[in-house]
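Q: Just dropping this structure here.
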Amino acid sequence: MIENYLSKQTCVVNRALKKYLPKDRSKISEAMRYSVNAGGKRLRPFLLLEAGKICGARAESLLPAACSIEYIHTYSLIHDDLPAMDNDDLRRGRPTSHKKFGEATAILAGDALLTEAFSLLSVTRNPSDRVVRVIKIISDSAGFNGMIGGQMRDTLETANWSKRTKKKNISDLEYIHDNKTAALIKASLLAGAVLSGAADRQLRAFERYGKNIGLAFQIADDVLDITADKKLLGKKGSDVQNNKLTYPAVYGIEGSKRKAAKLVEDAKDALSLFADKARMLIELADYIIERKY
Ligand code: IPE
Ligand code: IPE
Ligand code: MG
Ligand code: MG
Ligand code: MG
């Protein structure tokens, strides 16, 4: 059920992305299209659209914002794969951007997607006070106190964490995962809800759901890095080789799965006020830890 719905929504998002991506033949536009069109689960746009729908908005009015979130996510992947970061050569089943175009173009393609994301947000046809709030939510979640903060700590701890105490590792690990991944996932839900004029208690529910599924999502990503069929995953899995501070490194595979399952239960509880309207988000929470890629 959720998988059918996800693939239907993925088509809606992919159509919108095609509409908004630059169409010219310049190298930078080619590199932007290459990474965005490589596929991906489109989880963040899905969450934005779903939160918006639950609060009564029509999908069309949310599509620029949904694409904007996917641009930011894709930029983060391009930069995450660079030799100076995780040094990966496969992403979404294709050579990474720097392998295909060279490092300079990959860096610039990431920069271009990040800036274009905010240009797209500015053309959403929604009341301007809501758009301004969403710009703040998304920029905070992607910036130094959010995704970049998490990526920075991830980079600082790589290969160094084994010298620290378990207590320090657990606190770093939570900071890294909450920020590098959960922040943007949570922001996706809040953006959809704010654009639809959601009430404060609805926003609080999405915040709690987003924080929990966001962390569970990154724990599952860490587990899949070790256990997944790499062809299906579309990336090679480099955490062990890079000596990354991950959930499996600290809690083992089974311990990590137990932690993720607990987070998913709390996430689902957070949605009780939406009753049956939240059915898809509830199924999605289970899917996040059961997924194979
Ligand atoms: C991968 O994200 C990076 C993380 C933040 C865990 P996704 O697993 O959502 O990647 P795509 O978009 O489906 O390729
Ligand atoms: C990346 O985490 C998170 C961001 C890109 C912000 P990972 O390094 O675990 O993501 P993958 O496994 O390369 O997709
Ligand atoms: Mg990384
Ligand atoms: Mg990586
Ligand atoms: Mg990973």
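The values are calculated or read from the model by the stated rules, or taken from the named source; none is laboratory data. Remember, it's a predicted structure, so these values are computed and weren't measured experimentally. Don't worry about glycine lacking a Cβ; one is built from the backbone with ideal geometry, like all the others, and counts go over all protein chains shown.
Q: When the residues of the range 244-253 are narrowed to those that are more than 10 Å from ligand 5 (Cβ to nearest atom) and more than 18 Å from the chain's Cα centre (by Cα), which ends up surrounded by the fewest Cβ atoms within 10 Å (Cβ to Cβ)? Before you say what the answer is, go through the steps one by one.
A: If we filter the range 244-253 for residues that are more than 10 Å from ligand 5 (Cβ to nearest atom), which is where we start, we get 245, 247-253.
The next check asks that each one be more than 18 Å from the chain's Cα centre (by Cα); those that pass are 245, 248-253.
Working: Leu245: 25, Pro248: 21, Ala249: 18, Val250: 17, Tyr251: 17, Gly252: 11, Ile253: 13.
Per the criteria, the residue is Gly252.
Q: Among the residues of the range 159-173, is there at least one that is more than 28 Å from Leu63 (Cβ to Cβ), touching a residue at least 60 places away in the same chain (Cβ under 8 Å), away from ligand 1 (no atom under 16 Å from the Cβ) and hydroxyl-bearing (Ser, Thr, Tyr)? Please lay out each step first, then the result.
A: Filtering the range 159-173 for residues more than 28 Å from Leu63 (Cβ to Cβ) gives 159-173.
Next cut, touching a residue at least 60 places away in the same chain (Cβ under 8 Å) only: 159, 161-162, 166, 169-170, 172-173.
Among the residues that remain, those that are also away from ligand 1 (no atom under 16 Å from the Cβ) are: 159, 161-162, 166, 169-170, 172.
From the residues that got through so far, the ones that are hydroxyl-bearing (Ser, Thr, Tyr) too are 162.
For the range 159-173, residues more than 28 Å from Leu63 (Cβ to Cβ), touching a residue at least 60 places away in the same chain (Cβ under 8 Å), away from ligand 1 (no atom under 16 Å from the Cβ) and hydroxyl-bearing (Ser, Thr, Tyr): present.
Q: Right, another one. Pairs only if they're at least six apart or on different chains, beta carbon under 7 angstrom, first in the range 249-271 and under 17 Å from Arg291 (Cβ atoms), second part of a helix (DSSP H, G or I) and among the acidic types (Asp, Glu); list them, first residue then second.
A: Listed pairs, sorted by first residue: Ser256/Asp222; Val264/Asp286.
Q: Out of all the residues in the range 57-66, is one or more within 16 Å of ligand 1 (Cβ to nearest atom) and under 15 Å from Arg33 (Cβ atoms)?
A: Looking for residues that are within 16 Å of ligand 1 (Cβ to nearest atom) and under 15 Å from Arg33 (Cβ atoms), one finds none in the range 57-66, hence no.
Q: Could you check Gly237 against (1) surrounded by fewer than 24 Cβ atoms within 10 Å (Cβ to Cβ); (2) in contact (Cβ under 8 Å) with a residue 60 or more places away in the chain; (3) within 15 Å of ligand 2 (Cβ to nearest atom); (4) outside any helix (DSSP H, G or I) and say which number it fails?
A: (2)
Q: Looking only at the range 228-243, how many residues end up being more than 10 Å from ligand 5 (Cβ to nearest atom) and in contact with a Pro (Cβ under 9 Å, 6 or more places away or on another chain)?
A: Residues that pass the stated criteria total 1.
Q: Could I ask something else about it? Answer yes or no: is there a residue in the range 216-224 that is farther than 25 Å from Ala38 by Cβ and of a type in the set (A, V, I, L, M). Break it down into steps so the answer makes sense when it comes.
A: Initially, the range 216-224 is screened for residues farther than 25 Å from Ala38 by Cβ, giving none.
Checking the range 216-224: not a single residue is farther than 25 Å from Ala38 by Cβ and of a type in the set (A, V, I, L, M).
Q: Could you say whether any residue in the range 194-214 is assigned to a helix (DSSP H, G or I), charged (D, E, K, R), surrounded by fewer than 24 Cβ atoms within 10 Å (Cβ to Cβ) and within 16 Å of ligand 5 (Cβ to nearest atom)? So that I can check it myself, show each step before the final result.
A: Filtering the range 194-214 down to residues assigned to a helix (DSSP H, G or I) leaves 194-195, 200-214.
Filter once more, so that each one left must be charged (D, E, K, R): 200-201, 204, 207-208, 211.
Restricting the remaining residues to those that are surrounded by fewer than 24 Cβ atoms within 10 Å (Cβ to Cβ) gives 200-201, 204, 207-208, 211.
Restricting the remaining residues to those that are within 16 Å of ligand 5 (Cβ to nearest atom) gives none.
Within the range 194-214, none of the residues are assigned to a helix (DSSP H, G or I), charged (D, E, K, R), surrounded by fewer than 24 Cβ atoms within 10 Å (Cβ to Cβ) and within 16 Å of ligand 5 (Cβ to nearest atom).
Q: Right, another one. In the range 243-290, how many residues are out of contact with any Asp or Glu (no Cβ under 6 Å at 6 or more places or on another chain) and within 16 Å of ligand 4 (Cβ to nearest atom)?
A: 3
Q: Same structure, new question: Right, Leu189: modelled with pLDDT of 95 or more, crowded, with 19+ Cβ neighbours inside 10 Å and not in a helix (DSSP H, G or I) or not? Walk me through how you get there before you give the answer.
A: Numbers: modelled with pLDDT of 95 or more: yes; crowded, with 19+ Cβ neighbours inside 10 Å: yes; not in a helix (DSSP H, G or I): no.
No.
Q: Checking the condition within 16 Å of ligand 3 (Cβ to nearest atom) and farther than 23 Å from Leu281 by Cα, which residue from Ala84, Ala117 passes?
A: After ruling out the rest, the residue left standing is Ala84.
Q: Could you please let me know if Leu224 is within 25 Å of Leu82 (Cβ to Cβ) and in a helix (DSSP H, G or I)?
A: Values: within 25 Å of Leu82 (Cβ to Cβ): yes; in a helix (DSSP H, G or I): yes.
Answer is yes for this residue.
Q: Still on this model: With more than 17 Å from the chain's Cα centre (by Cα), within 23 Å of Gln218 (Cβ to Cβ) and among the basic types (Lys, Arg) as the only criterion, which of Arg125, Arg153 stands out? Lay out the reasoning, then the answer.
A: On the way: Arg125 fails: within 23 Å of Gln218 (Cβ to Cβ).
Answer to the check: Arg153.
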